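Down below is the structure, laid out as structure tokens.
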Amino acid sequence: MLKGNLLALCLGLSGAIAALPAQAAEPVDLEMVGRIRQEAFHRSQVMATFGHLTEQIGPRLTNSPSMAKANAWTRQKFGEWGLANVHDEAFEDFGRGWEFSSASVQLLEPRAMPLHAVPKAWTPGTQGPVEGEAIAVSIRTKADLEKYKGKLKGKIVLLSELREYKPGTEADSHRYNDAGLTELLAFSVPKDTASDRAKRLKEYQGRQELTQATLRLLEEEGALAALSISGWDNGIIRVGGGGSRKPGEPVGVAELAVAAEHYNPLMRALARKEKVRLRVDVAARFTSEGNDPGYNTLAEIPGSGPKAGEIVMIGAHLDSWHAGTGAADNAAGVAVMMEAMRILKAVGAKPRRTIRVALWSGEEQGLLGSSAHVARHFAAYPEPTDPEQKKLPATLRERTGALQRKRDYDRFSAYFNMDNGSGRIRGIYAQENHAAMPIFEAWLKPFNDVGATIVTSRNTGSTDHIPFDRVGLPGFQFVQDRLDYFSNVHHSDLDTFDHAAPEDLKQAAAIIASFAYHAAMREEKLPRKPLLEN
């Protein structure tokens, strides 16, 4: 009797399951995919675009003259390709422009030797060569500043401690194997971070106060220049900003990051009580003195029909740091996004929704350009009225009200970003948007043969899809082979043309063109995950 009841139950369940409506497969326009692949793989212009950005324009620090050239040149190319609504869009209060044309550090005593160094952005030049003895300082708290008063005049200040060399244990360049891709499919349940904000706020404010106090000390005490150790070994100079881009804030003295293997001998000589004498010559200047706006560059392929007012976006940040030529970070992403738009125009795509490309500025200073665009067009939390809160990055501010949705919030479909170097696309991070995952799997299938295979539910951060994700809009970043992005080139003087992989950039452009097209053509906008406003 039990067996009979169990059999009847199983048959009943199987009938009920069979009666459930089958989920419709996500449509993929394989004829269009074929045209996109042909244009991307056999008539590519991605390396020409990449080469112009890196070797003719060069590094593109936000608000520098080179960034203005990049904005103008990308506008010109978009116009040549027939894109519409090509324009720059300002975002307020970025600050001063800055550039440098040369820098040298020469060890004079105890022996002669040129040192490998690059100035930090937004620090002043030396106004010609200066010579002085080196002095090592250890400033970990504001109390430490007092012991150096009266001791820095005419000195070249060594700000970092000696760091032990640690040989690398992994290959410089890395591509995912099957095991690595499979590992990416696993999702880690996040820990409770309720107390993290207060901790991060305290650390941020402490760093800001100590940095500004140190800069004032260097200025007021008459130091000639300052040196710090590069964050990476093996002769690589990894450098970002110093001083301040904001008018009225202290900028200190000319400050340079020095290759670790050239910095450490200075510290060892001082430890032996030897005189260390240096010559420093930095030609650097602020190119403006106001709290100037930064500029994003945008262009569109207009949609047609009833969905023309809806928006699909692709983008990458055009700005870079200044030690190399901003190649992997992020001329690679910019060249791919520009190429994707060129491909869509070349194959005669007629999207239902408008496809907008955005080349962001101020990404390296905290996703400033993309955050401003999202706030202007889509949604934002109310601006704080407390002056102290206004000084904080958006991620550390206290929320002052509910999310304010703008007119285009409900017209938005998706944003796709590229900012992990020049490595080929291996898949996409779904940002916990599980409803989007089967859609992405269908769109990736025609590119499985060129290595793009996975859709992971994981989140990834730290780049320009985050302002979209933060306000509940579908924003995504691709999984990429990292090559030597995090071992050699990220924010370093090796971030140059030669570290890029041309075939990888062609593959990425094809995939992003196809994703943008299918997002613009599908019947419904991409699904959204629940917005966690707190």
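Considering each of Gly324, Gly303 in turn, give the residue that is assigned to a loop (DSSP other than H, G, I, E, B), surrounded by fewer than 24 Cβ atoms within 10 Å (Cβ to Cβ) and either in the same structural domain as Ile466 (by TED's automatic domain parsing) or not basic (Lys, Arg) (or both).
Gly303
Which is crowded, with 24+ Cβ neighbours inside 10 Å and within 31 Å of the chain's Cα centre (by Cα), of Ala308, Ala316?
Going through Ala308, Ala316 in turn, just one is crowded, with 24+ Cβ neighbours inside 10 Å and within 31 Å of the chain's Cα centre (by Cα): Ala316.
For segment 480-534, name all the residues that are part of a helix (DSSP H, G or I) and β-branched (Val, Ile, Thr).
Of everything in segment 480-534, those that are part of a helix (DSSP H, G or I) and β-branched (Val, Ile, Thr) turn out to be Val489, Ile511, Ile512.
Suppose we filter segment 251-282 for residues that are closer than 21 Å to Thr123 by Cα and assigned to a strand (DSSP E or B); how many remain?
Result for segment 251-282: 9.
Pairs under 6 Å by beta carbon, first residue charged (D, E, K, R) in segment 294-312, partner part of a strand (DSSP E or B), six or more apart or different chains?
Here the result reads Glu300/Ala84; Glu300/Asn85; Glu300/Thr354; Glu300/Arg356; Glu310/Ser413, each pair linking segment 294-312 to a residue that is part of a strand (DSSP E or B).
Would a scan of segment 201-223 turn up a residue that is in a loop (DSSP other than H, G, I, E, B), touching a helix residue (DSSP H, G or I) at 6+ places or on another chain (Cβ under 7 Å) and more than 25 Å from Gly366 (Cβ to Cβ)?
no
From Pro474, Pro527, grab the single residue that is in contact with a Leu (Cβ under 6 Å, 6 or more places away or on another chain), farther than 24 Å from Glu183 by Cβ and in contact (Cβ under 8 Å) with a residue 12 or more places away in the chain.
Answer to the selection: Pro474.
Give the residues of segment 429-454 that are polar (S, T, N, Q), closer than 25 Å to Leu531 by Cα and out of contact with any helix residue (DSSP H, G or I) (no Cβ under 6 Å at 6 or more places or on another chain), sorted by residue number.
Asn433 - this is the single residue of segment 429-454 that is polar (S, T, N, Q), closer than 25 Å to Leu531 by Cα and out of contact with any helix residue (DSSP H, G or I) (no Cβ under 6 Å at 6 or more places or on another chain).
Could you check segment 244-257 and list, in sequence order, the residues that are out of contact with any helix residue (DSSP H, G or I) (no Cβ under 8 Å at 6 or more places or on another chain), surrounded by fewer than 24 Cβ atoms within 10 Å (Cβ to Cβ) and of a type in the set (A, V, I, L, M)?
None - no residue of segment 244-257 is out of contact with any helix residue (DSSP H, G or I) (no Cβ under 8 Å at 6 or more places or on another chain), surrounded by fewer than 24 Cβ atoms within 10 Å (Cβ to Cβ) and of a type in the set (A, V, I, L, M), so the list stays empty.
Results for (1) over 22 Å from Thr182 (Cα atoms); (2) in the same structural domain as Val374 (by TED's automatic domain parsing); (3) aliphatic (A, V, I, L, M), shown as yes or no for each residue.
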position	(1), (2), (3)
Glu432	no, yes, no
Pro446	no, yes, no
Val450	no, yes, yes
Arg458	no, yes, no
Thr463	yes, yes, no
Asp484	no, yes, no
Asn488	yes, yes, no
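The values are calculated or read from the model by the stated rules, or taken from the named source; none is laboratory data. These numbers were taken from a predicted model, which means no experiment stands behind them. For neighbour counting, all protein chains shown are included, and Cβ atoms are generated from backbone atoms with ideal geometry for every residue, glycine included.
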